[in-house]
1. Arg38's amide H: which non-local residues (gap 5+, or another chain) put their own amide H closer than 5 Å, with H modeled 1.01 Å from N in plane and none for Pro or chain starts?
2. Which helices of the chain meet both criteria: a Cα extent of 15 Å or more along the helical axis and a mean Kyte-Doolittle score no lower than 0.0, with helices taken as whole DSSP H segments?
3. Cut-off under 17 Å on the C-alpha distance; same-chain residues fewer than 8 positions from Lys54 excluded. Which aspartates and glutamates are left, in chain and number order?
4. Which residues' amide hydrogens lie under 5 Å from the amide hydrogen of Leu348, considering only partners 5 or more residues apart or on another chain, with H built in the peptide plane?
5. How many percent of all Cα-Cα pairs in the range 156-283 sit more than 23 Å apart?
6. Rg to Rh ratio, the range 1-146, alpha-carbon atoms and Kirkwood radius?
7. Counting only protein chains, not ligands or nucleic acids, how are Arg346, Arg192 ordered by accessible area (probe 1.4 Å), most first?
8. Using a 1.4 angstrom probe on heavy atoms only, work out the carbon and sulfur share of the accessible area of the chain in %.
Amino acid sequence: MRSVALEALRTESFDLTVIGGGITGAGVALDAAARGMRVALIDAGDFSSGTSSKSSKLIHGGLRYLQQGEIGLVYQALAERQRLLRNAPHLVKLLPFLIPMFGSGGVIPAKISRLLGSAMWGYDLTGGWRVGKRHERLDFDQALALMPTLPPDRLVSAYLYYDAAADDSRLVVTVLRTAVLEFGAACANHVRAVGLRKDEQGVVDGVDVEVLDPGSGTGGSERFTISTRAVVNASGVWSDQVRTLDEGADPDSIRPAKGIHITVPWSRVRNQVAAVVPVPGDKRSVFVIPNGDLTYIGTTDTDYDGPVDDPQCSAEDVAYLLSAINAASTEQLGPSDVVGSWAGLRPLVKAPDADGPAEGRTADLSRRHRVAVSPSGVITITGGKLTTYREMAADTVDEAIESVLARRPGFAGYGSSPTRDLALRGTAGHDTVHDAAEIYPRVDREHLDHLAGRYGGEARVIMASIEADPTLGEPLVVGLPYLRAEAIFAVRHEMARSVDDVLSRRTRARLLGRDDSAAAADDVAALIADELGWDEPTAAASAEAYRRSVAHERESADLPETHLEQLLGA
């Protein structure tokens, strides 16, 4: 699959080339290809390896944006949430959220009660009602039943409202597979843009690239130029680097904000639904989201001035989140309870007139997106959020058509975006996976919900592979729900090129069981070696690179080694 994409990039001409394989770039590729354009997409790392695999995994309007007066953004996001629930029902699931209300002596301060009640009604009226449910006011007993670890001496009541969640990296890969398989886009990971070619008028008409070794991240011997009529820069926190290739100087337009999450055993929190809990001494709240036997907590929102290629959780970041959950729980969690962690960077846009870092907290900066066109015709899309990726993509492609493609000789015209009602790959047949179990009796029935929720109708491909080789139905990482067949599918059909691609993004083993995933690295490397044409030293090197990366992540946060079997069995 990747070799076919690389050959197309070498030899064909494209209407639009997208630099960046996160959710924004994937959305642009799908939108443009669905309009009939010949589209290319490249990413220097793996698809979604930046911000788009390290979010809170929520498809939501954002209550705090409403409180900040971003009513238009919330309305837009809730409309997009509804479209995703319809267009990717196997990936995007409705999720109830609990907001516990704490007080003294069983009484909530009147001002806080009024503000939160108004916010709940505002969220419903802005679009929260679209899912067919409105918020509810819960009493003490109802709230405690949904999260028994809430402190009974401070809990007074709660609100319950509804949003949605999705595996962010899974969403990116699904959008890309839709662009490639349904509309003929040519997409390749581990291909880095190193220059831009311009015609006699100074308009970009090519992207110079080098093919990278996914194990080392270094360039190989192959370089070539992708011939294209337009270029979209959708590289997130790296967008200024691409703009530097075009403009010759760093525009310094991005203000990265770091957000981190930690994963802990669900048994230590016992939240039946997601929860929003306040951070002591701060004006922020964090999400507490159940995920099977585990719960993840996040996010932080702090300025970041380190290397954008290697954001890491610090001990202070972890302590911040632990203090938040401990203040809202009768259970006290510590670093030894943290089985996974991740850090990502939001590509927030500085104010246009800012000479340096914008004033105020990154948490208060707008998440609205911006589309800009350089004199040479490079279209840059920055800002935004996971939930609104489709509308961001449509705006970007509209701008590419109007500002660049319409001015090119031979422009034939492209219609408006068709993605409002475009079902993503796997939607067809997502609700009949259980029926297919009769055809594949060797597939354990307990895995069907898991497979249907990750692959939709395409789960049948994985089920068929297990039927042919039952060993592929065994766990990929002990203690986690992922199957060995998923690693094979990731390499054959989703361009996974390394142990890290498989364990960090095609599955989320690293996020949910950091040290257990590292322990499985050699087995995973051996499993995918034949698919990738690896010899034993190459497989061993990919596994070792993964273990080093995990160790670096754990040591950066000053966390002890932990294992799921010990914690979940306790």
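1. Distant-sequence amide H within range of Arg38: Asp15, Leu16.
2. Helices passing the filter in the chain: 23-34, 110-126, 168-183, 315-327, 521-532.
3. Counting by Cα, and skipping residues close in sequence, Lys54 has these aspartates and glutamates nearby: Asp43, Asp46, Asp167, Asp168, Asp301, Asp303, Asp309, Asp310, Asp317, Asp500, Asp501, Glu553.
4. Under 5 Å from the amide H of Leu348 lie the amide H atoms of Arg255, Ala257, each far enough along the sequence or on another chain.
5. 59 percent
6. Rounded to two decimals, Rg over Rh is 1.13.
7. Correct descending sequence by accessible area is Arg192, Arg346.
8. C and S fraction of accessible area: 50 percent.
The values are calculated or read from the model by the stated rules, or taken from the named source; none is laboratory data. Because the structure is a prediction, the values reported are computed rather than measured. Because the Cβ atoms are built from the backbone with ideal geometry, glycine has one as well, and the counts that use them run over all protein chains shown. When the accessible area is computed, the model is the full protein with side chains, heavy atoms only, and any ligands, DNA or RNA have been set aside. Shrake-Rupley method; radii C 1.70, N 1.55, O 1.52, S 1.80 Å.
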